[in-house]
Amino acid sequence: MQTSHPFRLRPPMTNTTSTPENPSGSVDLAVQRPLCFVLMPFGQKPSVGGGMIDFDAVYKELIAPAIDQAGLEPLRADEEMTGGVIHKPMFERLILCEFAVADLTTANANVFYELGVRHAVRPWSTILLFAEGGTQLPFDVAPLRAIPYRLSADGKPAEPTAVMPAVTRRLLEARNADTDSPIFQLVEGFPDIQRLKTDVFRERVAYSNRMKERLAAARRQGADAVRAIETELKDITSQESAVAIDLFLSYRAVKDWQAMIDLVARMPPPLAATVMVQEQLALALNRAGRGEDAERVLTELLQKRGPSSETYGLLGRVYKDRWEAAAKAGNRPLARGLLERAIDAYLRGFETDWRDAYPGVNAVTLMDLKDPPDPRREQLLPVVSYAVERRIASGKPDYWDHATRLELAVLANDEDRAGQALGDALALAREEWERETTARNLRLIREARQNRQDRSDWIGEIEAALAVPTSE
């Protein structure tokens, strides 16, 4: 079903299509405030006292302004989503929006059903309110500190400015509460190493096997085949989130960075604002040559959501790319400063989660590239090695674990160990850009060794092996 949006938010990214207002087709990277989903009836409905309640006026005059004063973006449920059987897009908005306000007036069955779903997922970030005389709250809901408001004779809120501060205050208090519901952890609060949430998405999320298979086949065929599936899907907001994310990651697999950026603009705002999507958006922006935009997305994500090994790792890559460009341009002072920023970002990522060896090995590699090498690498090497060996011993290693072991072996000049790690990494390689990332790091190490007149020809042989395509 295609839905309309009575209160349509501008998502974190806007479409890059050229328009008279935007002739260059540039992307607006303004990051939205946290979303607050509003559960309430639409239009005019009868109250228990016989009068009519104008819920649209309640929303416009009371609820939306109070949400705005709390520094949040109001997102009202689509009217056609509230009739009949609740469907997946509604569930996803209930789950992914960070905050919610529910108007319990008239004891609307849809609102109470949605409230039950919401409380099962995020029990501490939903604010309740009701019109005095407009309903009698059920026994199970009455103790939940619902905020009352009065109605005027025309069914609109009387003195809404007197009630707004209470709603705003509750929303501000809810910012300090946490929830650990497993329903949305995969895209928001993944309990394992943050880097893994993207890679295991297709395994963990259940949705149409037919669509999974079609996207897998499209990835093997290339970017045009993936685009053809998106064209067939039409309005991405009417699709379940799993489809949108798999399509998004399929564009990543075929290295269509601009398509990833454009797709975020068309996602529903709650999905576009998730950590996974924003991190991968930054990756795409950086690969598309827009490092400053990528940096802005990642730093704002860190400010809003706190430290993450994956977010810091991506930020380190942004600075590393800028360092290499500055070094090639012969700007040594700038290159030196950017190299330090890259090392610092990777270190912060590793220190955020010692289990995640990926930012750690990048920090060690960049320390090795300094002239002279950074002495901290000797302290960090055994810690990174231990982290990756623990991951491999767990029985669930992925490409990045063996690629990290390979890089560590190269840093240690251990050709035999590097050869074994190369074979293990290639056996688990999924997407071409992964091998390219590892080959690039090895090239940087080889060039640094050549500058020091150390033997490095064997590293080039590993780079060549990584360049050979592997099947998905």
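See the values below:
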{"quantity": "From phi via Karplus (6.51, -1.76, 1.60), per-residue ³J(HN,Hα) for the range 215-227 in Hz, x at Gly/Pro", "calculated": "5, 4, 5, 5, 4, 5, 7, x, 4, 4, 5, 5, 4"}
{"quantity": "J(HN,Hα) series, the range 353-364, from Karplus relation 6.51 cos²θ - 1.76 cosθ + 1.60, nearest Hz, glycine and proline x", "calculated": "8, 5, 6, 8, 6, 4, x, x, 5, 5, 4, 5"}
{"quantity": "Residue pairs, from the table 60/304; 255/328; 255/320; 320/370; 304/396; 304/370, whose Cα atoms sit over 21 Å apart", "calculated": "60/304; 255/328; 304/396; 304/370"}
{"quantity": "5 angstrom amide H check on residue 38, placed H, neighbours 5+ away", "calculated": "75, 76, 77, 101"}
{"quantity": "Computed lengthening from residue 107 to residue 288, 0.36 nm per intervening residue step minus Cα-Cα distance", "calculated": "60.1 nm"}
{"quantity": "Sequence of 208, 125 once ranked by neighbouring C-beta atoms within 10 Å, starting from the fewest", "calculated": "208, 125"}
{"quantity": "Highest to lowest packing among 92-101, 455-464, scored as the average C-beta count within 10 Å", "calculated": "92-101, 455-464"}
{"quantity": "Centre separation in Å (Cα based) which lies between the range 207-232 and the range 146-161", "calculated": "51"}
{"quantity": "For residue 53, distant residues with modelled amide H under 5 Å away", "calculated": "45, 47"}
{"quantity": "Cα pair distances in the range 204-297, grouped into 10 Å bins until the bin that holds the longest one, percent each", "calculated": "17, 51, 29, 3"}
{"quantity": "C-alpha center-to-center spacing [the range 274-324, the range 378-421] in angstrom", "calculated": "25"}
{"quantity": "Sorted peptide list for 53-66, 210-223, criterion being average Cβ within 10 angstrom, highest first", "calculated": "53-66, 210-223"}
{"quantity": "Cβ-Cβ FRET estimate between residue 45 and residue 334, R0 fixed at 60 Å, reported to 0.05", "calculated": "0.45"}
{"quantity": "3J(HN,Hα) from dihedral phi, the range 429-435, Karplus parametrisation 6.51/-1.76/1.60, rounded to Hz, x for glycine, proline", "calculated": "5, 10, 10, 4, 5, 5, 5"}
{"quantity": "Estimated distance in nm for a label pair at residue 132 and residue 61, the labels positioned 7 Å out from Cα along Cα-to-Cβ", "calculated": "1.6"}
{"quantity": "Pairwise label distance in nanometres, residue 169 with residue 209, each label 7 Å out on the Cα-Cβ vector", "calculated": "5.5"}
{"quantity": "Gyration tensor verdict on the range 335-472 (Cα atoms; rounded if a/c is under 1.5, prolate if a/b is larger than b/c, oblate otherwise)", "calculated": "oblate"}
{"quantity": "Additional length obtainable on full extension of the chain from residue 465 to residue 378, 0.36 nm per residue less Cα span", "calculated": "28.5 nm"}
{"quantity": "Placed amide H near residue 158: partners under 5 Å, 5+ positions off or other chain", "calculated": "150, 151, 152"}
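Each reported figure results from applying straightforward, stated rules to the coordinates on display, with no laboratory input. Keep in mind that this is a model prediction, so the values were computed, not measured. So basically every Cβ, Gly included, is an ideal-geometry build from the backbone, and we count neighbours across all protein chains shown.
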